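The values are calculated or read from the model by the stated rules, or taken from the named source; none is laboratory data. Predicted, not measured: the structure shown is a model, and the values here were computed from it. Note: ideal-geometry Cβ built from the backbone for every residue, glycine included; neighbour counts use all protein chains shown. Protein only, heavy atoms only, side chains kept; ligands, DNA and RNA dropped before computing areas. Shrake-Rupley method; radii C 1.70, N 1.55, O 1.52, S 1.80 Å.
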Number of protein chains: 2
Amino acid sequence: MARKTGASGAATLKAIRQAGLKLMAQHGYEAMSLRHLAAEVGIQAGSLYNHIATKQELLVGLIRAHMEELIRALDAALDGHDDPADRLRAFVAFHVGTHLLKRQEVYVSTFELRALERTNYAKVVRLRRRYEQRLTRILDDGKARRRFVFDDTRVTAYAILAMLTGVCTWYRPKGRLSRQAIIDIHTRLVMKGVGVKSRVRTAAKIGVKSAAKAKSAAAKGRAKRPAHKPRPARAA
Amino acid sequence: MARKTGASGAATLKAIRQAGLKLMAQHGYEAMSLRHLAAEVGIQAGSLYNHIATKQELLVGLIRAHMEELIRALDAALDGHDDPADRLRAFVAFHVGTHLLKRQEVYVSTFELRALERTNYAKVVRLRRRYEQRLTRILDDGKARRRFVFDDTRVTAYAILAMLTGVCTWYRPKGRLSRQAIIDIHTRLVMKGVGVKSRVRTAAKIGVKSAAKAKSAAAKGRAKRPAHKPRPARAA
DNA sequence: GTTAAACTTACAAGCGTTCGTTTTTATGCA
DNA sequence: TGCATAAAAACGAACGCTTGTAAGTTTAAC
């Protein structure tokens, strides 16, 4: 057998990247075999090499694409805001919002860095630093303008990032809280943390789904998942 | 060749667990081969099986030991405090303090859960839940006594845990800040987050090392490390 | 002299990757 | 438009290597 009818290179590559993202987020880079990946795509292992150079290149491509898009979208989200408090609120809303939507990408991009070879690792770390700088600049600016009160920019930035990124580990789309509610809760936590009276609407008013709806949704979600290892880790 | 002079079963097992912790934290469970582990200990791969049943059992043993000790030590740290704010401060100090000291254990226990088989995974999750409950109870109690103001217990607890656990990803023992300074910064962030006026001493007064000392220490640390991949991930 | 703890050797399975082949699609020319 | 030809995209088999683990052997310790 050979080329299948209707096979398109671009479509296959897309399927490989999507399946790779899924399997890496689920099992980790090392634990995902190329035969496993190929089976998920519906081709043979060797055929992967019509679309990717190596397994490592697939990983680094996924991570870089995610992080570059992240930076681009963040800049767009921050654009137009000048007041430090506004910018921080925009940052939190953006970070939590996209991390809730792109959990697989986040998982791979944060937990599989150790699988990267030296030079690839260095490049990704540089990207991450660029992203973090957006936050540290907001914090520094807010402090300089006497809008924020906090101790140490770097530690505070890391603390905020870790807190916000944590949502990926427990969020379920059909869970009790809406995305907006989760964003609001975190926004308020962060703003209070840097000493700004938050003016975010309360989650109770806008975001929380009705109890009955949430319960049935949660039950459905539970039943659907394959019982074991739906998720890797949660910070404990 | 065979048994070496001075070889003791207990000592070898300890060395295996320590090396396993180190290698798993560095490269991940899947990426750590038993031959690699054996070499680190100074024995042959087959000899490992005089001390451990399987690779998986080594992992689950390390994780369970860490988490059980964590719960035990937390209960000891909380003992004697009644006021919710005091208890929360004690929690933060304990969590950050031990996580700074036991970074390898934390890494393995939080990032290698996906490598656990079904039943082992379930047991560890149960332990983690017990630990988290200590925090949610403090939060609920503080809210009931009108000492705390926050939105949602579960989300707030997860947010706090993620934030505090994040220190493992960037802390270096010879870095700019002392352990106590880091604890203080996080304590203040958390207490502000739940609406309590913190009375923690400022980091500037007590914890920050002198600039000269920190710089030379940091340089030494950098030179010592093998340049590449000293650390796996940081939440971005 | 029994047991514990190391050794060496080997297995079967799985790994990422390469290669030659086959079939479909796209392209250039009549 | 029709046809030869090149390129694309799949296949299956195989490569050399590593993996976790088992088994039998050898030597030190109790």
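Each residue of the stretch A:125-141 was assigned a 3J(HN,Hα) from its phi angle through the Karplus expression (A = 6.51, B = -1.76, C = 1.60, θ = phi - 60°), giving 4, 4, 4, 4, 4, 4, 5, 4, 4, 4, 6, 4, 5, 4, 5, 4, 4 Hz with x at Gly and Pro. Interface size, chains B and A: roughly 4800 Å² of accessible area buried, both sides included, 1.4 Å probe, rounded to the nearest 100. Couplings 3J(HN,Hα) for the stretch A:175-180, derived from phi with the Karplus relation 6.51 cos²θ - 1.76 cosθ + 1.60 (θ = phi - 60°), are x, 5, 10, 6, 4, 5 Hz, where x marks Gly and Pro. Each other copy places its own label point for B:LEU101 at 4.4 nm from this one, sorted shortest first, where the point lies 7 Å along the Cα-to-beta carbon line. Counting from the shortest, the label point at A:TYR49, 7 Å from Cα toward Cβ, is 3.3 nm from the same position in each remaining copy.
Averaging the Cα positions of each part gives two centres, and for the stretch A:11-78 and the stretch B:51-65 these lie 31 Å apart. Take each residue in B:184-197, count the other chain C-beta atoms within 10 Å of its C-beta, and the mean is 4. Each other copy holds its own label point for A:ALA31; taking that point as 7 Å from Cα along Cα to Cβ, the gaps run 1.5 nm, nearest first. Take B:ILE160: with every protein chain present and a 1.4 Å probe, its accessible area is about 10 Å². Take each residue in A:169-178, count the other chain C-beta atoms within 10 Å of its C-beta, and the mean is 2. Counting only protein heavy atoms and using a 1.4 Å probe, the accessible area of A:SER178 comes to about 30 Å². Using a cut-off of 13 Å between beta-carbons, work out the net charge of the residues near A:TYR49 (Lys and Arg +1, Asp and Glu -1, A:TYR49 not included). Combined, the nearby Lys, Arg, Asp and Glu give +1.
Placing B:HIS99, A:HIS51 in order of accessible area, with the largest value first and a 1.4 Å probe, yields A:HIS51, B:HIS99.
Per residue, the Cα convex hull of the stretch A:8-52 amounts to 58 Å³. In this simple spin-label model, placing a label point 7 Å from the Cα along the Cα-to-Cβ direction at both B:ASP86 and A:ASP83 gives a separation of 4.0 nm.
Apolar share of the accessible surface for the stretch A:96-206: 49 percent from carbon plus sulfur atoms, 1.4 Å probe.
What does the charge count near B:GLY80 come to, summing +1 for each Lys or Arg and -1 for each Asp or Glu among other residues with Cβ under 10 Å from its Cβ?
With Lys, Arg at +1 and Asp, Glu at -1, the net is -2.
With the whole protein complex present, A:GLU30 retains an accessible surface near 90 Å², based on a 1.4 Å probe. Legend: residues A:HIS66, B:HIS36, sorted from most to least accessible area (1.4 Å probe; ligands, DNA and RNA excluded), read B:HIS36, A:HIS66. Remark: mean inter-chain Cβ contacts per residue of A:111-124 equal 3, using a 10 Å Cβ-Cβ cutoff to other protein chain atoms.
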